[in-house]
Amino acid sequence: MELNKLLSYIIADNELHAKWLNTLSLMENTGARKISASEDPLTVTYIILKHAAEEHRHAFYLKKQIEKTGEAYCPTYSAEYLLAPAHSRYYLNQLDVDVCKYLKKELGLAGKELRFAAYLLVTYAIEVRADELYPIYQDALENAGSRVNVKSIILEEEGHLEEMLNQLKQFSPDWELHASKAVDFESRLFSNWVGALEESLLFSVGS
Ligand SMILES: [Fe+2]
Ligand SMILES: [Fe+2]
């Protein structure tokens, strides 16, 4: 199923929609915590602090949007309040593992350097995805006349992609090669995640 169809289907059902928002919130929170964990306590920059703060805000904002679905769903990130819970938790962690393996093998990085390079590549790939996914979601919300909106997230994600590009260009002259590798890893994980979402919808229809 195409993503926009999948999303219209989810938005049409308040409980599924609440779980979708909660799932996105979980993934934003995972991303935010990863950025915070990769921060060097001495050399952390304005851009990294801003980025972490905004990703934490996205997690909170999406959680708050759940109120607009009409019922008090999804108090926690426990599996029963998520769509495709296993894949949704696995996606970002696995991307991190794939990128770290690549950086160790190809660039021989370790320790601090590895942490910083992984932050750059993982976050870049996620920002590319966010810049595609949130506008599709926003369109589906508007088509459905939903009160939920993610425009403020779209605006910040666009800024993040630009900031990641600037940081990547400073990181390596071969940044495009490394970045495209990270995007490949991400694309595979994303399509598995969408497949798992579809399955979880079939399951919810059948139950
Ligand atoms: Fe975000
Ligand atoms: Fe972002």
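The values are calculated or read from the model by the stated rules, or taken from the named source; none is laboratory data. Fair warning: this is a prediction, and the values are worked out from it, not measured in the lab. Counting neighbours? That spans all protein chains shown, and the Cβs are built from the backbone with ideal geometry, glycine included. Ligands, DNA and RNA are excluded from the accessible area calculation, which covers all protein heavy atoms including side chains. Shrake-Rupley method; radii C 1.70, N 1.55, O 1.52, S 1.80 Å.
Here are the numbers for this structure:
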| item | result |
| --- | --- |
| From the options 161, 121, 141, 168, residue that is on the phi < 0 side of the Ramachandran plot and within 13 Å of ligand 1 (Cβ to nearest atom) | 161 |
| Failed item in (1) outside any loop (DSSP other than H, G, I, E, B); (2) surrounded by 15 or more Cβ atoms within 10 Å (Cβ to Cβ); (3) more than 14 Å from ligand 1 (Cβ to nearest atom), with residue 77 passing the rest | (1) |
| Yes/no for residue 110 being surrounded by fewer than 13 Cβ atoms within 10 Å (Cβ to Cβ), at pLDDT 95 or above and farther than 19 Å from residue 186 by Cβ | yes |
| Counted residues, the stretch 148-174 - those being open to solvent by less than 40 Å² (accessible area, probe 1.4 Å) and over 16 Å from the mean Cα position of the chain (by Cα) | 5 |
| Residue pairs meeting the criteria (Cβ under 7 Å; at least 6 apart or on separate chains; first farther than 15 Å from residue 88 by Cα and open to solvent by 20 Å² or more (accessible area, probe 1.4 Å), in the stretch 14-33; second among the β-branched types (Val, Ile, Thr) and assigned to a helix (DSSP H, G or I)) | 14/69 |
| The stretch 1-45, subset closer than 24 Å to residue 142 by Cβ and part of a loop (DSSP other than H, G, I, E, B), residue nearest to the chain's Cα centre (by Cα) | 2 |
